[in-house]
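Worksheet for the structure shown next.
Coordinate-derived values only; no laboratory data. The structure presented is a predicted model; accordingly, all values stated were derived computationally and were not measured. Ideal geometry is used to build each Cβ from the backbone, glycine not excepted, and the neighbour counts take in all protein chains shown.
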């Protein structure tokens, strides 16, 4: 999926040129003051404390690792890998998560938007086909801020979000991959997913919705 050699232009480039990206970064950051970024609706001021926040993430995103990933679906990894950034403290908190050290124990290091921007640019320099944000729902404001920093410095890769639920409108991903997990009526929902591209949430989530742009490959 996309790289510097094709004609695909990430949507965030037009947003940056028009000034919308900077405004979205400001709007998204305000959500942290009374957080409603995900279906948990904790309404915690994450700029001051993580107490009461299911994601246990404050003003800075916690990143476990970043680098080329060759284990994603073929349309994402291509030949040079998908440029993944693994965010810690997933808000879904699934009991069966294969990455529980990251999602439940929070292994990682706090990174500010400047550092996230540097990661994105480094992944581009490595030749990755895209920027792949893994479980970014709870850090969407920090990601948008990072993009606003990285674009003037030359970031041009498509942005993919591998998420467990839909993202807020301030998010600027070009493609969203929704993880189909443990809905009680899994078989029926899986059939529906193939036909209608719904967003399926885990048993710990509060609702089932839909997303206009999804990539299921």
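Put a dot 7 Å past each Cα toward the Cβ at residue 43 and residue 107; how far apart are the dots in nm?
So the two model labels end up 3.6 nm from each other.
Report the calculated FRET efficiency for residue 34 and residue 73 (r = Cβ-Cβ distance, R0 = 41 Å), to the nearest 0.05. Mind showing how you got there, number by number?
On the way: r = 36 Å, r/R0 = 0.88.
Given R0 = 41 Å and the Cβ-Cβ separation, E is 0.70.
Using the 10 angstrom Cβ neighbour count as an exposure proxy, how do 93, 153, 77 rank, fewest first? Let's see the in-between values first.
Working: 93 17, 153 11, 77 21.
Ascending number of Cβ neighbours within 10 Å: 153, 93, 77.
Note down the relative contact order for region 1-120 as a percent, whole number, built from C-alpha pairs under 8 angstrom at least six residues apart. Provide the component values of the computation, followed by the final result.
Details: 149 pairs, mean separation 21.9, N = 120.
Taking the mean separation of contacting Cα pairs over the length of region 1-120, I get 18 percent.
Quick check on the exposure proxy: order 18, 82 from fewest to most C-beta atoms within 10 angstrom.
18, 82
Apply 1/(1 + (r/R0)^6) to the Cβ-Cβ distance of residue 22 and residue 80, taking R0 = 30 Å, and write down the FRET efficiency to the nearest 0.05. Let's see the in-between values first.
Numbers: r = 30 Å, r/R0 = 1.01.
With R0 = 30 Å, the Cβ-Cβ based efficiency is 0.50.
Taking neighbour counts of Cβ atoms within 10 Å as a proxy for exposure, in what order, fewest first, do 128, 42 appear?
Working: 128 25, 42 19.
Listed from fewest to most nearby Cβ atoms, that is 42, 128.
Using alpha-carbon pairs under 8 Å, 6+ residues apart, how would you state the relative contact order of region 1-70 in percent? Intermediate results must be reported in sequence, preceding the final value.
Working: 49 pairs, mean separation 10.0, N = 70.
Relative contact order, region 1-70: 14 percent.
Pop a pseudo-label 7 angstrom from the Cα along the beta-carbon direction at both residue 13 and residue 115 and give the gap in nm to one decimal.
That separation, rounded to one decimal, is 3.0 nm.
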